[in-house]
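No lab work stands behind these numbers, since they all come straight from the coordinates. No experiment lies behind these values; they were computed from the predicted model shown. Neighbour counts run over all protein chains shown; Cβ positions are idealised from the backbone, glycine included.
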Amino acid sequence: MSRSVEQWIGKTDDSRPPPRVRLRIFDRYNGICHWSGIKIRAGDGWDVDHVIALTNGGENRESNMAPILRGKPHKEKTAQDVAEKAKVYRKRSAHLGLKPSKNRKLKSRGFAKAPPQKRASSPIDKWRGF
């Protein structure tokens, strides 16, 4: 019977998991990057990433972490997290009426309508500033 290990929970959002927890996370995913699905080989740089980003409501705990390759996969995941956060913020602020809609037209008095021209050949009477 294997012993039960308590889940690691970070004291703050900035606290990093210790090496023993990194190893447990790596083993739980069988050494496969959770974003790209590529097997992490010896010598490859990898990080522990939050599956649900902290900015999107995720928690800094072992069950919310997964291995991810450094470089392109990590940058893509971070970009997606930022885009998701921005989209949620835009929708929430529009719903609460904090930002005006971009499609709303400005209301103004407008200009007075010019009288219609009677004949095409006659000149239009305008003040010319003489």
Checklist line | Per residue, the convex hull volume that the Cα atoms of the chain enclose (Å³) | finding: 305 Å³
Check: Taking the Cα centre of the chain as the origin and placing charges on Cβ (Lys, Arg +1; Asp, Glu -1), which of 74, 45, 93 is farthest toward the positive end of the dipole?
Finding: 93
Check: Taking only pairs that are 8 or more places apart or on different chains, how many Lys pairs in the range 19-96 have Cα atoms under 23 angstrom apart?
Finding: 10
Checklist line | Dipole magnitude of the chain about its Cα centre (Cβ charges: Lys, Arg +1; Asp, Glu -1), debye to nearest 20 | finding: 1440 debye
Check: Three principal axis extents, largest first, for the C-alpha atoms of the range 19-96, in Å?
Finding: 49, 24, 16
